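The values are calculated or read from the model by the stated rules, or taken from the named source; none is laboratory data. Keep in mind that this is a model prediction, so the values were computed, not measured. Glycine also receives a Cβ, built like all others from the backbone with ideal geometry; neighbour counts cover every protein chain displayed. When the accessible area is computed, the model is the full protein with side chains, heavy atoms only, and any ligands, DNA or RNA have been set aside. Shrake-Rupley method; radii C 1.70, N 1.55, O 1.52, S 1.80 Å.
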Amino acid sequence: MTDALASAAAAGIHCLPIPTPFQVGRVNCYLIDDDPLTLLDTGPNSGTSLDTLGLALAAHGRVIEDLELIVLSHQHMDHLGLASILARRSGAEVAALDLLAPWVARYGEAMESDDVFAARVMTEHGIPEDVRLALLAASHAYRALGAACTVTTPLADGATLTFRDRTLRVWHRPGHSPSDTIFHDERRGIVLGADHLIKHISSNPLISRPLDVPLGDDPPDRPHALEIYLASLRATRAMADVSVVLAGHGEPVTDHVALIDDRFKGHGRRARKIRRLLEDGPMTAYEIAGALWGTVAVTQAYLTLSEVLGHADLLVADGRIVEEVGDDGVTRLRAAG
Ligand SMILES: [Zn+2]
């Protein structure tokens, strides 16, 4: 156990790594041994995860039925899949960002809308039909790893969650997903950061359907996910009283300012690389992803597309590139000037 995890444990916060079938590996859920007895994030909706979670709770002398509060950090299935089963078995309240509550209440429908939106973004940016269909099929296959659940305690941005021994301040930090929420124990300097900031990988600012557009309605425009994410990172960088960020994957972050500065540098480098590629002529975002990452771009096409479009948004805002929609309905990026 790292020193940071040991001191979190001394403060009653225990990391419970739960397996997922995703490339990212285990998801870190956190047991907050307080009143109410709380679990932050649940792991995906699978027997293996439920089993592992049961064993992990037992190692702390607890069972699922003891849980009194389940807190959700964001909408990804590896974080919330078991929420409904755990809440039913324990009678626990479920707390999540207010914006997320309607989404998770209608999980199946919400995932379908998200996929329709993603398919539109993929078509507009030149992802070929076979790749698009393969990605949608994969999304369908994974869908049951999440599940609908009723949020009984919707949380506003800036609100607090009060326990016997601590208070957690709730901050909305969208970017990696539209619902990313972090929880700050100001007195102890501990942030439960989930996927907002991960030490060993740069969190992907995935282009997702905005939560404030009613399900069934077509969102007018795709969100500028990277700009949104960078604004969230700036807000986190400016936070005082942070000694550790307990992440949703991997090890705790003990110097969040240095890590965030590093992320900003990485993004600057990538934007310059994309601008250089366009000196040879206009390209679709999909072609740029292929040039940057080769075959990885096929299996992770949506992820890398999101990444390219995020940087394209920054370059467009700076006037260094322009977006043009061709007669074929596909958007191409062109160097400006
Ligand atoms: Zn996530």
Margin query: Looking at V170, V245 in this structure, which one is within 16 Å of the ligand (Cβ to nearest atom) and in contact (Cβ under 8 Å) with a residue 24 or more places away in the chain?
Written below: V245
Note to self: I'm trying to understand the selection: among the residues of region 300-311, which are hydroxyl-bearing (S, T, Y) and under 13 Å from R132 (Cβ atoms)?
What the structure shows: Y302
Next item on the list: Please note which strands (runs of 3 or more DSSP E) are completely contained in region 230-337 and include at least 1 residues that are open to solvent by 50 Å² or more (accessible area, probe 1.4 Å).
Entry: 321-325, 331-335
Item checked: Number of the condition not met by G175 [criteria: (1) on the phi > 0 side of the Ramachandran plot; (2) away from the ligand (no atom under 14 Å from the Cβ)] -> (2)
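Residues are listed down the side, and each one gets a yes or a no for (1) on the phi > 0 side of the Ramachandran plot; (2) in contact with a Phe, Trp or Tyr (Cβ under 8 Å, 6 or more places away or on another chain); (3) crowded, with 16+ Cβ neighbours inside 10 Å:
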{"position": "D51", "(1), (2), (3)": "no, no, no"}
{"position": "A58", "(1), (2), (3)": "no, no, no"}
{"position": "V71", "(1), (2), (3)": "no, yes, yes"}
{"position": "A83", "(1), (2), (3)": "no, no, yes"}
{"position": "E93", "(1), (2), (3)": "no, no, yes"}
{"position": "L99", "(1), (2), (3)": "no, no, yes"}
{"position": "A105", "(1), (2), (3)": "no, no, no"}
{"position": "L145", "(1), (2), (3)": "no, no, yes"}
